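For reference, the structure discussed in these notes is given below.
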Amino acid sequence: QVQLVESGGGLVQAGGSLRLSCAASGIIRRANIMGWYRQAPGKQRAFVAYITSGGNTNYAGSVKGRFTISTDNAKNTVYLQMNSLKPEDTAVYYCYANYGLGSEHWGQGTQVTVSS
């Protein structure tokens, strides 16, 4: 069974940086797409970034230029480097992985809190 485990969340001051990690286990082959969503209090879950198995990336406009998504295929892990953090980046961040044929999995979420 595929499991995604996130880590790296925490409390940081505005302007600071955090790096989130998401390690996939229970499957050998690489995901077609891995990415991140976030959900702020009282809001719907929103897209943040994704990276394809071919290395193509896409970002939400609100994080473009500040966040960078990357993967370590040997470790089956996706990262989200977050720089110049703002209070509005405060949210629970969720990792997901899509292996095709309806196989999509989500992590449990990690809290990121940015203080002003």
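The values are calculated or read from the model by the stated rules, or taken from the named source; none is laboratory data. The shown structure was predicted, so the numbers you read here are calculated from the model rather than taken from an experiment. Cβ atoms come from the backbone with ideal geometry, glycine included; neighbour counts cover every protein chain shown. Side chains included, ligands, DNA and RNA excluded: accessible areas come from the protein's heavy atoms. Shrake-Rupley method; radii C 1.70, N 1.55, O 1.52, S 1.80 Å.
Structural remarks
- Unique residue being closer than 14 Å to Cys95 by Cβ and touching a Phe, Trp or Tyr at 6+ places or on another chain (Cβ under 7 Å) when the list is Ala49, Ala23: Ala49
- Only residues that are part of a loop (DSSP other than H, G, I, E, B) and open to solvent by less than 20 Å² (accessible area, probe 1.4 Å) were counted across region 83-116, and they come to 3.
- Leading residue by the ranking (modelled with the lowest pLDDT) among those in region 69-83 that are touching a Ser or Thr at 6+ places or on another chain (Cβ under 8 Å) and of a type in the set (S, T, N, Q): Asn76
- Pairs meeting the criteria (first residue in region 36-47 and touching a residue at least 24 places away in the same chain (Cβ under 8 Å), second residue outside any strand (DSSP E or B) and among the basic types (Lys, Arg), beta carbons under 6 Å, at least 6 apart or on different chains) are Tyr37/Arg45; Gln39/Arg45.
- Cross-chain or 6+ apart pairs with Cβ under 6 Å, region 83-106 first and touching a residue at least 24 places away in the same chain (Cβ under 8 Å) and under 18 Å from Gly35 (Cβ atoms), then open to solvent by less than 50 Å² (accessible area, probe 1.4 Å) and among the hydroxyl-bearing types (Ser, Thr, Tyr): Tyr93/Thr110; Trp106/Tyr94; Trp106/Tyr96
- Whichever residue in region 69-82 is touching a residue at least 24 places away in the same chain (Cβ under 8 Å) and over 11 Å from the mean Cα position of the chain (by Cα) and, among such residues, is most open to solvent (accessible area, probe 1.4 Å): Lys75
- Evaluating Arg19 against the criteria (1) open to solvent by less than 40 Å² (accessible area, probe 1.4 Å); (2) within 23 Å of Leu85 (Cα to Cα); (3) in a strand (DSSP E or B) leaves one unmet condition, (1).
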